[in-house]
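Undergrad: Got a structure here, written out as structure tokens. Questions coming.
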Amino acid sequence: MPSRNKPMSTIANNLSDVLSTLPEGVELVAVSKYHPVEELQEAYDAGQRVFGESIVQELRLKQAQMPDDVQWHFIGHLQTNKVKYIVPYVSLVHAVDSYKLLCEINRQALRCNRVIDCLLQLHVALEKTKFGFTVEECRSMLAAGEWRKLSGVRLCGVMCMASNTDDEERVRQDFRSANTFFHEIKSDYFADNSSFCIRSYGMSHDYLIAVAEGSNLVRIGTTIFGSRRY
Ligand SMILES: *Cc1c(COP(=O)(O)O)cnc(C)c1O
């Protein structure tokens with residue numbers, strides 16, 4: 001808790017505003033990419049422990065400077081040749097978008113005696129440029145069954161980004177597609193696995209829709225830290 005005499009920082013205020021809008025059972029990833037470590041520390045001092053980064057080099061620098069009890073989520077596109085740098089400390093990889101990437105996370109995890117929690121990134125948006133499995137690709141990857149042998153990774157759920165549009169109905173529909181698919185694969189492959197429970201959807205501009213459509217992990221940057229300085 002901030003001390004009584006010290007005014008709450010803007011970041012602490014923003015954080016508490018965001019948290020007050022989240023229903024019970026919805027967790028917050030504070031997306032701190034492109035923000036300096038002093039700002040992460042402000043959020044940390046206000047009680048936030050889960051931070052999301054999307055660039056490997058930036059995450060490495062910040063991880064070395066922040067307290068050890070921070071849980072680092074990697075939320076961006078991850079190149080296979082960079083997996084080794086984050087596997088020693090990352091707590092959740094949100095955007096697994098190919099079987100090849102899953103295999104490499106597994107390989108590096110086994111080398112450090114870890115089991116890495118991973119989410120399958122689903123492509124549900126209109127844009128062609130966004131990474132992720134289509135539901136068909138994801139279905140066939142799971143049906144092939146090879147993933148069951150990967151003891152260094154644990155599949156914990158799905159992640160998606162909605163279309164980049166002002167059309168709220170389209171955004172809602174994207175989250176709904178992801179959520180329907182989550183329930184399909186939950187019942188087909190993970191019914192007995194209580195760890196497979198994460199739905200990572202929703203960013204600053206659309207997280208309330210995401211939560212209404214079943215998200216239980218929101219990734220929020222701008223609303224907490226302000227706009228990014230690239
Ligand atoms: C940057 C980013 C966010 C946060 O976006 P804001 O609009 O700043 O809340 C969420 N998810 C992913 C995958 C991101 O890259």
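The values are calculated or read from the model by the stated rules, or taken from the named source; none is laboratory data. Because the structure is predicted, anything quoted here is derived from the model rather than measured. Glycine also receives a Cβ, built like all others from the backbone with ideal geometry; neighbour counts cover every protein chain displayed. Surface areas here come from the heavy atoms of the whole protein model, side chains and all, with no ligands, DNA or RNA. Shrake-Rupley method; radii C 1.70, N 1.55, O 1.52, S 1.80 Å.
Undergrad: Which FRET efficiency, nearest 0.05, do residue 24 and residue 154 yield, Cβ-Cβ r, R0 22 Å?
TA: 0.35
Undergrad: A further question on this structure: Of 62/186; 84/186; 62/82, which sit over 25 Å apart, Cα to Cα?
TA: 62/186; 84/186, as the Cα separations exceed 25 Å there.
Undergrad: Residues of segment 111-135 with backbone nitrogen within less than 20 Å of a virtual label 7 Å along the Cα-to-Cβ line of residue 165, please, listed as ranges.
TA: 122-135
Undergrad: How big is the dipole moment of the chain about its Cα centre under a simple scheme where the beta carbon of each Lys and Arg is +1, that of each Asp and Glu is -1, and everything else is neutral? Debye, nearest 20, please.
TA: 820 debye
Undergrad: A follow-up question, please. Based on the alpha-carbon gyration tensor of segment 110-152 and its eigenvalue square roots a ≥ b ≥ c, which shape applies: rounded if a/c is under 1.5, prolate if not and a/b is larger than b/c, or oblate?
TA: oblate
Undergrad: Quick one: work out Rg over Rh on the C-alpha atoms of segment 145-199, Rh as Kirkwood radius.
TA: 1.09
Undergrad: How many times 2.2 N^0.38 Å is the alpha carbon radius of gyration of the chain?
TA: Against the compact-globule rule of thumb, the ratio is 1.01.
Undergrad: Right, another one. Heavy atoms only, probe 1.4 Å: what % of the accessible area of the chain goes to carbon and sulfur, would you let me know?
TA: Of all accessible area on the chain, carbon and sulfur atoms account for 49 percent.
Undergrad: What are the residues whose amide H is under 5 Å from the amide H of residue 133, where those residues sit 5 or more places off or on another chain and H is modelled from the backbone?
TA: Distant-sequence amide H within range of residue 133: 121, 122, 123.
Undergrad: Quick one: if you stick a label point 7 Å off each Cα along the C-beta vector at residue 68 and residue 180, how many nm between them?
TA: 4.8 nm
Undergrad: Using each residue's phi in segment 102-108, evaluate 6.51 cos²θ - 1.76 cosθ + 1.60 at θ = phi - 60° and report the 3J(HN,Hα) Karplus result to the nearest Hz, with x for Gly and Pro.
TA: After applying 6.51 cos²θ - 1.76 cosθ + 1.60, I find 4, 5, 6, 4, 4, 4, 6 Hz.
Undergrad: I'd like to check one number: the per residue accessible area of the chain, probe 1.4 Å, reported in Å² as a whole number.
TA: Here the per-residue accessible area is 50 Å².
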